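To start, the structure under review is shown below, and the notes come after it.
The values are calculated or read from the model by the stated rules, or taken from the named source; none is laboratory data. Quick caveat, the model's predicted, so the values are computed rather than measured. Virtual Cβ from ideal backbone geometry, glycine too; neighbours counted across all protein chains shown. To get the accessible areas, we keep the full protein, side chains included, count just its heavy atoms, and leave off ligands, DNA and RNA. Shrake-Rupley method; radii C 1.70, N 1.55, O 1.52, S 1.80 Å.
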Amino acid sequence: IATTAAMANLNYIATHHLRENCRVVGAYFRERLNELAEQHLAIGDIRGMGLMLAIEFVKNRSTKEPATEFTARLLDETKARGLIVGKGGLYANIFRISPPMIISTADVDEAVRILDESLTAISL
């Protein structure tokens, strides 16, 4: 049964071109996050590959001092607006983003909109 389920999963991934979707939408997501970083100084770095992305939040881009409390507040703000992301990193100042392989560019736009609103709300 497990092998049949695994094969069905692999077949779905192949026939729906989800690997290509990860590459294309992941690049789009990273581009949109880079645009967001231009507007919000709290974003110190964006890294990752494909749809597995991370946003590092800092108090100062030059010193890269972790913004731990800011990240915790931002996590609550995004959750209140309907965007749930993981938090990690040695200083708990990293958003871990790994959406499902079926994500669309419209979904990315909505996530970036919510993140932008949340960053603006707590930066005031």
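Checking the conditions here, which among Gly86, Gly50 is in contact with a Cys (Cβ under 8 Å, 6 or more places away or on another chain), open to solvent by less than 70 Å² (accessible area, probe 1.4 Å) and without any contact (Cβ under 8 Å) to a residue 60 or more places away in the chain?
Within the list Gly86, Gly50, the selection yields Gly50.
Applying the selection to region 20-32, what residues are in contact (Cβ under 8 Å) with a residue 12 or more places away in the chain and open to solvent by 70 Å² or more (accessible area, probe 1.4 Å)?
Arg23, Arg30
Kindly provide the set of residues from region 100-118 that are open to solvent by less than 30 Å² (accessible area, probe 1.4 Å) and either under 12 Å from the mean Cα position of the chain (by Cα) or within 16 Å of Leu53 (Cβ to Cβ) (or both), ordered by number.
Scanning region 100-118 gives Ile103, Val108, Ala111, Val112, Ile114, Leu115.
How do the pairs read when you match residues in region 59-71 that are β-branched (Val, Ile, Thr) with residues anywhere that are crowded, with 17+ Cβ neighbours inside 10 Å, using Cβ under 8 Å and keeping only pairs 6 or more apart or on different chains?
Pairs that qualify, where the first residue is β-branched (Val, Ile, Thr) and the partner is crowded, with 17+ Cβ neighbours inside 10 Å, are Thr68/Asn93; Thr71/Phe57; Thr71/Asn93; Thr71/Ile94; Thr71/Phe95.
May I ask you to say which residue of Arg23, Arg113, Arg19, Arg73 is part of a helix (DSSP H, G or I) and touching a helix residue (DSSP H, G or I) at 6+ places or on another chain (Cβ under 6 Å)?
Arg73
Within region 56-68, track down each residue that is modelled with pLDDT of 95 or more and within 21 Å of Val112 (Cα to Cα).
Correct list: Glu56, Phe57, Val58, Lys59, Ala67, Thr68.
Being at pLDDT 95 or above, outside any loop (DSSP other than H, G, I, E, B) and within 22 Å of Leu119 (Cα to Cα): is that true of Thr78 here?
Against the criterion (at pLDDT 95 or above, outside any loop (DSSP other than H, G, I, E, B) and within 22 Å of Leu119 (Cα to Cα)), Thr78 qualifies.
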